[in-house]
1. So, in segment 327-349, exactly how many residues are farther than 16 Å from G313 by Cα and modelled with pLDDT under 90?
2. Among the residues of segment 229-237, are any farther than 30 Å from S117 by Cα, open to solvent by 80 Å² or more (accessible area, probe 1.4 Å) and either under 31 Å from the mean Cα position of the chain (by Cα) or among the basic types (K, R) (or both)?
3. Which ones in segment 151-188 are part of a helix (DSSP H, G or I), charged (D, E, K, R) and free of Cβ contacts under 8 Å to residues at least 12 places away in the same chain?
4. Just to be sure I understand the filter: pairs with C-beta atoms under 8 Å, separated by 6 or more residues or on different chains, first member in segment 352-367 and modelled with pLDDT of 90 or more and basic (K, R), second member assigned to a strand (DSSP E or B) and open to solvent by 10 Å² or more (accessible area, probe 1.4 Å). Which pairs pass?
5. What are the residues in segment 392-431 that are in a loop (DSSP other than H, G, I, E, B), free of Cβ contacts under 8 Å to residues at least 12 places away in the same chain and open to solvent by 60 Å² or more (accessible area, probe 1.4 Å), if any?
6. Within segment 497-521, track down each residue that is in a helix (DSSP H, G or I) and β-branched (V, I, T).
7. In segment 259-300, what count of residues is obtained for those that are closer than 22 Å to W342 by Cα and part of a helix (DSSP H, G or I)?
8. On the basis of being part of a helix (DSSP H, G or I), touching a Leu at 6+ places or on another chain (Cβ under 8 Å) and under 25 Å from G304 (Cβ atoms), does A214 make the cut?
Amino acid sequence: MWRGLLLRSSTCLLQVGAPRFLLQGCLTSPFLRLLPKRLLHRPFPIPWGTGYFLTHTGTRGYKKDTKSTLEFPVTPVTVTDIKQYLRSKEIPFHDGYSCLHIPSIFVDLSTRKEVFSLFIDKTTGQFLCKDTLVEGSWEDLQDCLEVMQKDEEESLNPNVLLGYPESVEEQEERERELREVQRIWSTSVPLTDLPEDEAQLIKTMFQITKISNATLKKFGVRLFKPTKSLVFPWFGGPDSSLKGVKLLSAQRTETDKVTYNEATVPKSNSYYNLFGLPLVGRLDSEVVVTGHEFDTMAVSQATGLPSVALPRGVSCLPPILLPYLEQFKRVTLWLGGDIRSWEASKSFSRKLGIRRCSLVRPGEYRPCAVEALARGKNLSNIIKASIPAAHKSIVSFKQLREDVYGELVNTDQVAGVKWTRFSELNRILKGHRKGELTVFTGPTGSGKTTFISELALDLCMQGVNTLWGSFEINNVRLAKIMLTQFAMQRLEENLEQYDFWADKFEELPLYFMTFHGQQNIKTVLDTMQHAVYLYDINHVVIDNLQFMMGQEHLSVDKFAVQDHIIGVFRKFATNSSCHVTLIIHPRKEEDDRELQTASIFGSAKASQEADNVLILQEKKLVTCPGRRSLQVTKNRFDGDVGIFPLDFIKSSLTFSTPIKGKHKLRKVNTKPENEGEDEVTAAASKKEEVKKDKVEKVKGNTKTPRTVKSPANGNGAIQK
């Protein structure tokens, strides 16, 4: 597409994992004649990081860079701008819930039939034609309309919007995926064709004994025998062809709990299947959106209502799917039975249009749909009891009562996502929660970026969609650090394993802003909002605040500028239900003094607005491992604070909690030996004097200084 071939100057994000365009090919020479001059004169950029060759003994071949640029316009388009432009071109439009609908310009006028099948996203301006699957940016659509008006054309060939010509490797990979999809689908067996006892065994293994064979057949579910996986098909496009598959396998844990493992072909970042959509009629006005294919089948079987499942569950609602949900006047979000699904429901309702959405509140009597079906509950009544997503500015406790009860019942889930590498942090903070602001500081050179990268990586590996804004070090270096932490080893010493770990790292929901150095806060905030909308970002890391302050406010008090930026991030975290981790350098302190909350650079605004304050302490005058520790000085969730030691493992660039009593910190001796012996003798004589004073009960005006063990240092550090 033009958005790929003719990039405008833009602020970009980098994603680990390259998305595919829906339509690819080459520009035809007749169409080049029709291109506006401003298009022809655009510079043809070479994207950053398009490739490299590794000059090393035993070099490996070129492999496509796993990072791809994702556009974000410098001046975001508004829905008002879009409407004004369409009116100026005399194009009729319908104001939908999340999109504007216009007649498709890629369909012949004789077959158009007053159907508004081209959808323009109100937030980003991206468009999609459902009839031809042509999609592109708002600028692309403007260019097409200008060409039509200039040459008095009634429609355009859908092949005019194309992306980069595929490389040989890309073409081979796409063909391989298509062959793999066809192989899996052709060798899988419909469950209705299995012997009754075998089919019942499979249903028992997946805990779907209440879902009938007729429902499984209706949705086209099959069994892939080599891996004993259920196969869910993705049919799409004008011809309803097979575009992909999802394989689901089940495994029982030691506690007799069933866990599911998913795999998709193509990869998850290119898998846009609304499971159940082909069964939805054009006149249906109500739909139930679920987070899993089992739930969709349960709703359909028990209520007869149209139901679709999101391709990535509660983790993301890709905006490219919004046009397919525009026809419904009522959307019920029933994404699961836990707190995470409830938070996702509230987030997704803002994308879908809050006025038409209702939410099924999770609880003991309202589990996920397939579990409710297994318990014999009335799914129709649960859906009817769903609450409107829209809310007024003032509420009473009656409206909050269920929310309060839900937090009391699900205390562990309310606490947030737990870290797997930092159990001590779980003990203090209880977890990572959406909508909070964390301020993190530490001495220069103590490893702030390295520690936070591992902290964020831990969460990202658990499915927390993460956006990194590294203004101090470039993205290549940051990605190298995170990849080393991910692999837990130095890959420069094991280059033959690089592709293995890079492929796994590529699957993480991890994105990078391409900013570096000083940036304007508005530009950064617009990029963050764009990423939250497109990729449902749950965690944003900003490294660091000082680089964002810039030099454009030289005439303004720098503390006032910093307070403004912190207030902006606080508001963003709350309104977007997104956790923001903000790294701030501390004020200059003496090497032998520990940092305090008051050591954070600037005014008290940072610590006041923050929900959590974390300090990476470093004893510079101490040798041996364990000289670093992490201190939590503020925890708004439940008030617990504390400190625990950290060991830095250089081979993997990771931090770990040392075994208690394993390390004893030693004070660095900076004095000559004789001077140390004299001090020991002096200390002994002073001790005798104190003892004598106590026996005689003589009160003195001053006390002899003693060496004591600091209660703040659980690792046995000695301070004077």
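1. 0
2. no
3. Answer for segment 151-188, where residues must be part of a helix (DSSP H, G or I), charged (D, E, K, R) and free of Cβ contacts under 8 Å to residues at least 12 places away in the same chain: E172, E173, E175, R176, R179, R183.
4. R356/R330
5. Those that are in a loop (DSSP other than H, G, I, E, B), free of Cβ contacts under 8 Å to residues at least 12 places away in the same chain and open to solvent by 60 Å² or more (accessible area, probe 1.4 Å): K392, S393, I394, V395.
6. I521
7. 8
8. no
The values are calculated or read from the model by the stated rules, or taken from the named source; none is laboratory data. Being a predicted model, the structure only gives us computed values, none of them experimental. Neighbour counts run over all protein chains shown; Cβ positions are idealised from the backbone, glycine included. Just the protein is used for accessible areas: all its heavy atoms, side chains included, with ligands, DNA and RNA removed. Shrake-Rupley method; radii C 1.70, N 1.55, O 1.52, S 1.80 Å.
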